[in-house]
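One structure below.
The values are calculated or read from the model by the stated rules, or taken from the named source; none is laboratory data. For clarity, every value in this text was computed on a predicted model and none was experimentally measured. Backbone-built Cβ (ideal geometry, glycine too); neighbour counts: all protein chains shown. Ligands, DNA and RNA are excluded from the accessible area calculation, which covers all protein heavy atoms including side chains. Shrake-Rupley method; radii C 1.70, N 1.55, O 1.52, S 1.80 Å.
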Amino acid sequence: MTKHAKKVVLAYSGGLDTSIIIPWLKENYGCEVIAYAADVGQGQELEGLRDKAIKTGASKIYIEDLRKEFLTDYVFPMVQAGAIYEGKYLLGTSIARPLIAKRMMDIVAKEGADAVAHGCTGKGNDQVRFELTFKAIDPKVRIIAPWREWDIKSREDAIDYAAQHKVPIVATKEKLYSNDRNLWHLSTEGGILENPWNEPPKDLWQMTVAPEDAPNTAEYIELDFEAGVPVALNGEKLDPVLLVETLNKLGGKHGIGRVDIVENRLVGMKSRGVYETPGGDIIVKAHAELESLVLDRDTQHFKQDLALKYADLVYNGQWFTQIREALDGFIKETQKRMTGRVRLKLYKGNCTPVGRTSPYSLYREDFATFSRDEVYNQRDAEGFINLFALPLTVRALVGKKWS
């Protein structure tokens, strides 16, 4: 394929990879580069981004505040689904990519660009997440993935390239961590973590204190949900962004939300990642606790099965697919009565639900009590067990006949 493009919209973070991609695109494609940065809660990482992009060769840069949309249209539906990848990962990086890629395609249309570019490596999942979204929206737009084309083979090479082209960067050869931060989480990969035997250094963690250094006194909080969406903390209604930011501080203070995982990447290899999701861990646990109160057994169990599929869809970048939309229809139905309050105890790395209430609760104390009751005839259990055990009884009788 000829290396030529007229105008390229680049997913730009200002990190090592995307910083060197701007001059590389101009050198190798002879194109205009428009940088696109989505504010999904990176905080200080956005400071100076505009000047840096222009100084390194971009003709312009778009920086958009997508924090509320990120939570309400992507994160919270994922929470409602109960999606957790491989039992640990709350999908913080995964869930941000479809939104960023979708907005990039909006800029492509606005600017009349003929290509998009990203800084994802050919070994990772993010390349799939970005490109599946690009193709779902406009498969005619050219996709440029420098890590699959250039001669740069490592982060050390990338640092050398940046030095040669006078591109200012933060990464050093001594501290080669790769980070991704948003409102929902912070991920850290690379460096010493590439050996799964190595414990993460204490200074690696940025959002959470070590559990052993957390306060010696437990803190109790109450989280309110409406239709499966978190809306209030300790009785005070909060905007989604402020709610998650506040829970991040609370969870981080108590060392909650740390995950150290060896996960199965979509491209086939295993990778080791360290994730911090303090506020998300609180929300996910509270939501699951409320569901245990409100959903009937069959719906709850079936939904747990679908949650595994939903997590795979998010992890694999299949957000803009028919199956995800169809699953959302089912999930939305299950959340109609998911309104109530959960009380949680935060203490030294643990987030423990200790109370739950809902106007739609299916829990009946008069049925469940161990004390005397007037609504449950325990003798009925004998007939139920006989019928439930009938297949086992028949099988045992047949087995004796042929033994």
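Considering only alpha-carbon pairs that sit under 8 angstrom and 6 or more positions apart, the relative contact order computed for region 250-403 is 23 percent. Once the Cα-Cα distance is subtracted from the 0.36 nm per residue extended length, the Leu306 to His4 segment shows a gain of 104.3 nm. Surface composition of the chain: carbon plus sulfur atoms contribute 51% of the solvent-accessible area (1.4 Å probe, protein chains only, all chains present).
Considering lysine pairs in region 39-154 that are 8 or more places apart or on different chains, how many have Cα atoms under 13 Å apart? Present the calculation step by step, with values, prior to reporting the outcome.
Numbers: Lys52/Lys60; Lys102/Lys110; Lys102/Lys135; Lys123/Lys153.
Close lysine pairs under the 13 Å cut-off: 4.
Packing here is the average count of other Cβ atoms within 10 Å per residue, and on that basis the peptides 8-19, 133-144, highest first, run 8-19, 133-144. Residues within the reach of a label modelled at Ile63 (point 7 angstrom out along Cα to beta-carbon, backbone nitrogen below 11 Å), restricted to region 17-41, are 37-39.
Compute the FRET efficiency between Ala218 and Met269 as 1/(1 + (r/R0)^6), taking r as their Cβ-Cβ distance and R0 = 25 Å, and round to the nearest 0.05.
Numbers: r = 40 Å, r/R0 = 1.62.
Taking R0 as 25 Å, the efficiency between Ala218 and Met269 is 0.05.
Projected label points at Lys253 and Asp151, each 7 Å from Cα along the beta carbon direction, are separated by 5.4 nanometres.
Counting heavy atoms of the protein chains only and a 1.4 Å probe, report the per residue accessible area for the chain as a whole number of Å². Please report the intermediate quantities before stating the final value.
Working: 20770 Å² over 403 residues.
It amounts to 52 Å² per residue over the chain.
Give me the number: length gained by fully extending His165 to Asn28, i.e. 0.36 nm times residue separation minus the C-alpha to C-alpha distance, one decimal in nm. Each step should come with its number before you reach the end.
Details: separation 137, 0.36 × 137 = 49.32 nm, distance 1.40 nm.
Length difference between fully extended and current span is 47.9 nm.
The slack between Arg379 and Thr299, meaning 0.36 nm per residue of separation minus the straight C-alpha distance, is 26.0 nm. Ordering Val8, Ala214, Ile385 by the projection of their Cα atoms onto the charge dipole of the chain, which places +1 on the Cβ of Lys and Arg and -1 on the Cβ of Asp and Glu, puts Val8 at the extreme positive end. Reducing region 204-226 and region 52-98 to their Cα centroids gives an inter-centroid distance of 23 Å.
When only Cα pairs under 8 Å and 6 or more residues apart are kept, what is the percent relative contact order across the chain? Show your work: numbers first, answer last.
Working: 703 pairs, mean separation 69.8, N = 403.
Dividing the mean separation by the residue count of the chain yields 17 percent.
Placing R0 at 51 angstrom, the Cβ-Cβ distance between Lys88 and Val394 gives a FRET efficiency of 0.75 after rounding to 0.05. When only Cα pairs below 8 angstrom with a gap of at least 6 residues are kept, region 6-80 shows a relative contact order of 32 percent. Write down the percent of antiparallel bridges among all DSSP beta bridges whose residues are both part of the chain, to the nearest 5. Counting only bridges with both partners in the chain, antiparallel ones make up about 70 percent. Dipole magnitude for the chain: about 800 debye, using +1 per Lys or Arg Cβ and -1 per Asp or Glu Cβ, origin at the Cα centre.
Between the listed residues Val75, Ile95, Gly57, the Cα displaced farthest toward the positive end of the dipole of region 32-99, a dipole computed from Cβ unit charges relative to the Cα centre, is found at Gly57.
With a 1.4 Å probe rolled over the protein heavy atoms of all chains, the accessible area of Glu27, Glu194, Glu289 falls in the order Glu194, Glu27, Glu289, largest first.
Provide the packing ranking of 90-103, 56-69, i.e. peptides ordered by the mean count of other C-beta atoms within 10 Å per residue, highest first.
Details: 90-103: 23.6, 56-69: 17.5.
Most protected by this proxy first, the peptides run 90-103, 56-69.
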